[in-house]
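Here is the structure we will look at.
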Amino acid sequence: MSPAARAGAPSRAAAPDAAMFDPEGSGLDSMSTATALKIPAREEGALIAAGARIELGERAWRGLLRTHACLSKRVEAELERAHGLPMSSYEVLHHLAQASRGHMRMRDLADQAQLSRSGLTRLVDRLERDGLLDRCSCHHDARGAYACLTDTGRERLEEARGTQVRVVREHFISRFSEDELRAMADMWERLAPCNGC
């Protein structure tokens, strides 16, 4: 073949590349992005299931937050109305009453009552002024200050306990069966054991 003929003839080596980037030249219809990135049916089903699980989990989480906020407001309002006792104060007195000899180290009490150390200090100041607890020390343990429940504090707690139990029974306990309550108790224990998060 003459040089001129070779110059005019299409390059066979270039043909596959041209076909790759030229749908018309390749004889193939252009593929859409969706088709090119098609996910296998099994993987697509797994992704849908994962998305549904996340959506369900988010619904459960938001419901937990909403329920806790709603019930806490109701209990707080009744404790304040009937006893002039905020729920945070009730919780501190409750944990002290449950502790051995009615006293707890301050940092342990803060953890149990879900309060910051500074928040607990301010609350203990108020409760001490009201005669509901005292700051005390333990000669067996010099690692920190203790909060000690007074007789007045114990009496105030017992008065408020009936109100707290009534509100919780009406707005929470009565809405579920015993099996449901047991299941919830087990789930909360799984997430946040009684000895701390």
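The values are calculated or read from the model by the stated rules, or taken from the named source; none is laboratory data. From a predicted model like this one, the values you see are computed outputs, not experimental measurements. Here the Cβ is made from the backbone with ideal geometry for all residues, glycine too, and neighbour counts use every protein chain on show.
Quickly run through the stretch 103-135 and pick out the residues that are within 25 Å of Gly162 (Cβ to Cβ) and surrounded by 18 or more Cβ atoms within 10 Å (Cβ to Cβ).
His103, Met104, Leu109, Gln112, Ala113, Leu115, Leu123, Val124, Leu127, Leu132, Leu133
Got a number for residues in the stretch 94-110 being modelled with pLDDT under 90 and of a type in the set (D, E, K, R)?
Residues that pass the stated criteria total 1.
Only one of (1) over 27 Å from the mean Cα position of the chain (by Cα); (2) exposed (fewer than 12 other Cβ atoms within 10 Å of the Cβ) fails for Tyr146. Which number is that?
(2)
Looking at (1) loosely packed, with under 10 Cβ neighbours inside 10 Å; (2) modelled with pLDDT under 90; (3) small (Gly, Ala, Ser), find the lone condition where Ala50 falls short.
(1)
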